[in-house]
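Trainee: Structure provided below as structure tokens; questions to follow.
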Protein chains: 2
Amino acid sequence: LNIELINTGTELLLGFVTNTNQQWLCRQLSQRGYVVTRQLAVPDTGAEIQQAVREAFTRGNLVITTGGLGPTSDDLTRECIAQLFGRPLSEDAASLAKIERFFRERNRPMPERTRLQALVPEGARVLANNNGTAPGLALELDAAAYGRTGQRGLLIMLPGPPRELEPMFLTEVVPLLLERFPPNEPFACRVLRSTGVGESAVEERIAGRLQPLVAAGLEIGYCARFGEVDVRLVARGPKADELVKQAEQTVRSLIGKHVFGCETDELPAVIIRDLTARRQTLALAESCTGGYIAHRLTNVPGASAVLTGGFVTYSNEAKQTCLGVRSETLATHGAVSEPTAREMAEGARDRLRSTYAIAVTGIAGPGGGSAEKPVGTVYMALAGNGPTLVLRQLNRYDRESFKFVTSQQALELLRRRLNDLGGNFRPL
Amino acid sequence: LNIELINTGTELLLGFVTNTNQQWLCRQLSQRGYVVTRQLAVPDTGAEIQQAVREAFTRGNLVITTGGLGPTSDDLTRECIAQLFGRPLSEDAASLAKIERFFRERNRPMPERTRLQALVPEGARVLANNNGTAPGLALELDAAAYGRTGQRGLLIMLPGPPRELEPMFLTEVVPLLLERFPPNEPFACRVLRSTGVGESAVEERIAGRLQPLVAAGLEIGYCARFGEVDVRLVARGPKADELVKQAEQTVRSLIGKHVFGCETDELPAVIIRDLTARRQTLALAESCTGGYIAHRLTNVPGASAVLTGGFVTYSNEAKQTCLGVRSETLATHGAVSEPTAREMAEGARDRLRSTYAIAVTGIAGPGGGSAEKPVGTVYMALAGNGPTLVLRQLNRYDRESFKFVTSQQALELLRRRLNDLGGNFRPL
């Protein structure tokens, strides 16, 4: 099975938008054993889309397109695919009824052009869109199509907006794929997400011990980003599940403390889940991360039950006024110091009456460093019911990566505490 | 001139990482009149990279690759390109010296494999990397190459890490492109970035008045994201500059209040710049945006001179403790109300002694709505030296889009005030 993904949209090639659909679809597919072999972005002109689809079918037997199913004049995918494969379009009554209901429920008039979205190429299957008006389409290219254009296989057309594409993929496309391209052998995949240890250190610790499983067919992949290393364990064949399970156990036995989740888990969601289960709360005092830890936590639905509040205290004055950091502490040790981090965390915990508080103070750069405290120096503190823990790190990255890595370390400090994993971990 | 971009990397097709290089390069190129006609991502195997490059040259005369120039075993671009075009690799003394210096300056031992990065295909030009060890390469495919493989044109190979690729593109590639593919006619491009007005409203207001310029050769493009609409004005030929300037004037005369910047300007940077110039300061009180406004502002270098601090006050208790919101206000009007937003902003301003304060309180969803205050309801307040301004908006989006749109509206409220544009603007 060769899978090609075609993202249509002139805005992609002008660099106006990030192609987030690509990553999302590739990840969803690869975790189910369907690895995309090629991804392509083309402008939304009929000729370019037709050429891309035609070429893709010379290599692949499953082609997925995104975009171009909307009602405006540059939405050409439906029409040009119908033309390419000689499948006349006709209005699908069920789709039209659904579109009409969509507008009725929102008390909005239905623009006439929206009706175009109910057009379906002959023989295509409609993929329900429960979050927008453009249904997706699945078109089987059988022997007849092959005779006409030299293609055969399955073409799936998805709408461009992620909030429409994502649920449609999960509820409509995944079952279709499993039915149409059933895995010819069992497939198992597990992604273990770790933090607090570098890629080469992860590999060094686990590769040797996994060697017997690799000899039995296990594939290992590593993916490192700043502050995170994913370990991907894949196996095929009758023993796939068993191999991956054994591999997971081995990895956990070797670097288990660093593993915060699986597949697409994010550290903030893990923290929210852990605190919610314990009915405990968290407060934040952020200097150099500037609200980023609060932002990451509040992206998680349900964060309000856990996060009592946060302070962004850039200035010394704000550290005193909002958190009660003492002026002597600031004068003697400076804003970027262990005592300041400690007082920030304890101040946030006490003022917001939370179970825990995390504080971060450091020098993000590009300016502000010194010999003793170079750019990248960060102190992070965790205040709770026991003694306050303070960690010093050196995070030398660009400004945004600095914020991410620092937020990751600070949250990990709490995750370690919540899971009794010990507070002293290696720097990232 | 046909330009094709090839991003190499198995991690892209597994969906482990977002292809940010694609957007960045496409945008940089298009703003200089070089529009990418096709973008491709392929796994980092030698055969796939070779096939992609070979095919790209059947359509394009400029091909840019990213990735695969590093020292590890899956970095194959250099080698497989040399093989494809029959250009033997030899070690470039200047590149090697630079790599050695890179490690010496950082007091780190130089891994032996790093030496591979000094290998250069015969006839290739080295593109200096001042932020890493892998130099880029530019390879002219002349008549001899054409005879061998049927290709001709220019192949540019860039390293994958954005912090290496981006400066290399600007200092090495742009001059090379201008020399090798000089625009055969003058090209002008201007992107005006607006907020507070929808895409169709922008088009409705400006399209008619721009018609005479379009007849003279102006091209207009729109790009809408939640909370932002870009208008792209492009012209070619001897009158390009004049046409685009006239068009910009016309657009500004019609929707100027909504235009917050040009090209890649972001609203937070505009706010920081405006406040810095006025030596004024800002405080934040965020409920439903959960620290996202603080995060966006603190991504801008120099934010510390302007942002005195911020509060993330999810709970009623935090609103009282941190900001001094009165319990009667909360009891009578609720946390999501005009009086609460007003007291939050005034409390933040007074406690952090800032010139201005922005407050936001609302219902991000998915839960928490009522008939009177449905999910998406937001009150945002701007406190300054005059009367406090409060705005009610209805932002019905998913959680992360809600945060973005709301942060955009709140910052725009301040930008309007700073530029005397009037405080009452149309909802997005």
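The values are calculated or read from the model by the stated rules, or taken from the named source; none is laboratory data. What you are looking at is a predicted structure, and each value in this text was computed from that prediction instead of being measured. Reconstructed Cβ throughout: ideal geometry from the backbone, glycine too, with neighbour counts over all protein chains shown. Each accessible area value is taken on the protein alone, full model and side chains, heavy atoms only, with ligands, DNA and RNA left out. Shrake-Rupley method; radii C 1.70, N 1.55, O 1.52, S 1.80 Å.
Trainee: From the set of residues in the range B:302-314 that are aliphatic (A, V, I, L, M) and within 8 Å of chain A (Cβ to nearest Cβ), which is surrounded by the fewest Cβ atoms within 10 Å (Cβ to Cβ)?
Mentor: B:Ala303
Trainee: Return yes when A:Arg396 is buried (at least 19 other Cβ atoms within 10 Å of the Cβ) and either out of contact with any helix residue (DSSP H, G or I) (no Cβ under 9 Å at 6 or more places or on another chain) or at pLDDT below 95 (or both) and no when it is not.
Mentor: Numbers: buried (at least 19 other Cβ atoms within 10 Å of the Cβ): no; either out of contact with any helix residue (DSSP H, G or I) (no Cβ under 9 Å at 6 or more places or on another chain) or at pLDDT below 95 (or both): yes.
Against the criterion (buried (at least 19 other Cβ atoms within 10 Å of the Cβ) and either out of contact with any helix residue (DSSP H, G or I) (no Cβ under 9 Å at 6 or more places or on another chain) or at pLDDT below 95 (or both)), A:Arg396 does not qualify.
Trainee: Further question on the same structure: Filter the strands (runs of 3 or more DSSP E) completely within the range A:332-402 down to those with at least 2 residues that are without any contact (Cβ under 8 Å) to a residue 40 or more places away in the chain and within 14 Å of another protein chain (Cβ to nearest Cβ).
Mentor: Details: elements: A:356-362, A:377-383, A:389-394.
Because the criterion is at least 2 residues that are without any contact (Cβ under 8 Å) to a residue 40 or more places away in the chain and within 14 Å of another protein chain (Cβ to nearest Cβ), no strands (runs of 3 or more DSSP E) in the range A:332-402 meet it.
Trainee: Can you name the residue in the range B:39-84 that is among the polar types (S, T, N, Q) and free of Cβ contacts under 8 Å to residues at least 12 places away in the same chain and, of all such residues, is surrounded by the fewest Cβ atoms within 10 Å (Cβ to Cβ)?
Mentor: Ranking the qualifying residues of the range B:39-84, first place goes to B:Ser73.
Trainee: Follow-up. Out of contact with any Phe, Trp or Tyr (no Cβ under 7 Å at 6 or more places or on another chain) and either crowded, with 18+ Cβ neighbours inside 10 Å or over 19 Å from B:Gly9 (Cβ atoms) (or both): does that describe A:Gly33?
Mentor: Answer is no for this residue.
Trainee: Of the residues that sit in the range A:185-209 and are surrounded by 19 or more Cβ atoms within 10 Å (Cβ to Cβ) and of a type in the set (A, V, I, L, M), which one is nearest to the other protein chains (Cβ to nearest Cβ)?
Mentor: Per the criteria, the residue is A:Val191.
Trainee: Looking at A:Arg27, is it more than 7 Å from chain B (Cβ to nearest Cβ) and part of a helix (DSSP H, G or I)?
Mentor: When the stated conditions are applied, A:Arg27 does not pass them.
Trainee: Another question about this same structure. Would you check which residues across the range B:9-24 are in contact with a strand residue (DSSP E or B) (Cβ under 6 Å, 6 or more places away or on another chain) and more than 8 Å from every other protein chain (Cβ to nearest Cβ) and list them?
Mentor: Selection gives B:Asn21 alone.
Trainee: Examine the range B:90-104 for a residue that is farther than 28 Å from B:Pro183 by Cα and β-branched (Val, Ile, Thr), and state whether such a residue exists.
Mentor: Yes.
Trainee: Sticking with this one: Could you list, in sequence order, all residues of the range A:96-107 that are closer than 17 Å to A:Glu164 by Cβ and either out of contact with any Pro (no Cβ under 9 Å at 6 or more places or on another chain) or open to solvent by less than 40 Å² (accessible area, probe 1.4 Å) (or both)?
Mentor: If the condition is that a residue be closer than 17 Å to A:Glu164 by Cβ and either out of contact with any Pro (no Cβ under 9 Å at 6 or more places or on another chain) or open to solvent by less than 40 Å² (accessible area, probe 1.4 Å) (or both), then A:Ile99, A:Arg101, A:Phe102, A:Phe103, A:Glu105, A:Arg106 are the ones that fit.
Trainee: To continue, here is another question. Kindly indicate whether any position in the range A:266-275 is in contact with a strand residue (DSSP E or B) (Cβ under 8 Å, 6 or more places away or on another chain) and not aliphatic (A, V, I, L, M).
Mentor: So far as the range A:266-275 goes, no, none of its residues is in contact with a strand residue (DSSP E or B) (Cβ under 8 Å, 6 or more places away or on another chain) and not aliphatic (A, V, I, L, M).
Trainee: Kindly indicate which of A:Glu248, A:Glu317 is of a type outside the set (S, T, N, Q), within 11 Å of another protein chain (Cβ to nearest Cβ), touching a Leu at 6+ places or on another chain (Cβ under 9 Å) and assigned to a helix (DSSP H, G or I).
Mentor: None of the others qualify; the one that does is A:Glu317.
Trainee: Do the conditions hold for A:Phe260, that is, is it within 30 Å of A:Asp398 (Cβ to Cβ) and within 12 Å of chain B (Cβ to nearest Cβ)?
Mentor: Criteria not met by A:Phe260.
Trainee: Separate question: How about the range B:4-30: which of its residues are over 19 Å from B:Gly68 (Cβ atoms) and open to solvent by less than 10 Å² (accessible area, probe 1.4 Å)?
Mentor: Passing the criteria: B:Cys26, B:Leu29, B:Ser30.
Trainee: Any residue at all in the range B:239-255 that is of a type outside the set (Gly, Ala, Ser), open to solvent by 10 Å² or more (accessible area, probe 1.4 Å) and within 20 Å of the chain's Cα centre (by Cα)?
Mentor: no
Trainee: Report yes if B:Ile293 is in a helix (DSSP H, G or I), touching an Asp or Glu at 6+ places or on another chain (Cβ under 6 Å) and either within 14 Å of chain A (Cβ to nearest Cβ) or open to solvent by 20 Å² or more (accessible area, probe 1.4 Å) (or both), otherwise no.
Mentor: Here the answer is yes, as B:Ile293 does meet what is asked.
Trainee: Report yes if some residue within the range B:84-99 is within 14 Å of chain A (Cβ to nearest Cβ), under 31 Å from the mean Cα position of the chain (by Cα) and at negative phi; otherwise report no.
Mentor: no
Trainee: Kindly check whether there is at least one residue in the range B:266-286 that is part of a helix (DSSP H, G or I), within 14 Å of chain A (Cβ to nearest Cβ), open to solvent by less than 20 Å² (accessible area, probe 1.4 Å) and among the charged types (D, E, K, R).
Mentor: no
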